[in-house]
Amino acid sequence: LAALALDAPRIAAGLAGLGLRGPHAAPIGATVDHALDTLVRSGRPLGFDWLVELLDALALQGAGGFGEQLAVFRKSWLSLAGVLGDLGAGRDTDLPLLGLGLQRFTAEWPARLLAPADSRAFSTHVSTADLLRAAADTWPAGLRYWLRLLGQAG
């Protein structure tokens, strides 16, 4: 959700939550900023490919600490993206997963009405509070997008 909002500090905080901490903080911020600038410049949608590229860039800089689960995520995504690419004949590999995610998200709504706002006990692992913050981040995300785009033009 932080990446959807183009919020570099929240992305860095999320990476820290995955285990990336300590003396690598300055390069992490610069790498995240570069990844967001590249995303905005490319005009492509945000997705798993962008996330894996960010994680790869961090790994190439020697920023470690993610653990084995992220290595398994990377390998699984690259395998799945290859299969989806073969089946979809050039379609975006994130689209089938986005559709599945939206189906699960829609199915969660009745349970969300009864759950505490900060509960992430759903298959999407997103709380209602997270969704409200994402909705509130809509106009700042647009501002961040244009500031990044204009910053690259100058």
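Worth pointing out:
- Theoretical FRET efficiency, 1/(1+(r/R0)^6), r = Cβ-Cβ of Leu60 and Ala107, R0 30 Å, to 0.05: 0.20
- Think of it as helices only: each DSSP H run of n ≥ 4 in the chain is worth -39500 (n - 2.57), and spread over all residues that comes to -23000 deg cm²/dmol at 222 nm.
- Under the criterion of Cα pairs below 8 Å and six or more residues apart, the relative contact order for the chain equals 31 percent.
- Where labels lie 7 Å past Cα in the beta-carbon direction, separation of His34 and Ala129 in nm: 3.5
- Solvent-accessible area per residue for the chain (1.4 angstrom probe, square angstrom): 62
- Surface composition of the chain: carbon plus sulfur atoms hold 66% of the accessible area, using a 1.4 angstrom probe and ignoring ligands, DNA and RNA.
- With the convex hull of the Cα atoms taken as the outline of the chain, the averaged projected area works out to 10.5 nm².
- Net charge in the neighbourhood of Val32 (other residues with Cβ under 11 Å of its Cβ; Lys, Arg +1, Asp, Glu -1) is -2.
- Spin-label model distance (nm) - Leu147 vs Lys75, 7 Å beyond Cα toward Cβ: 4.0
The values are calculated or read from the model by the stated rules, or taken from the named source; none is laboratory data. Predicted, not measured: the structure shown is a model, and the values here were computed from it. Virtual Cβ from ideal backbone geometry, glycine too; neighbours counted across all protein chains shown. The accessibility values were calculated without ligands, DNA or RNA, using every heavy atom of the protein model including side chains. Shrake-Rupley method; radii C 1.70, N 1.55, O 1.52, S 1.80 Å.
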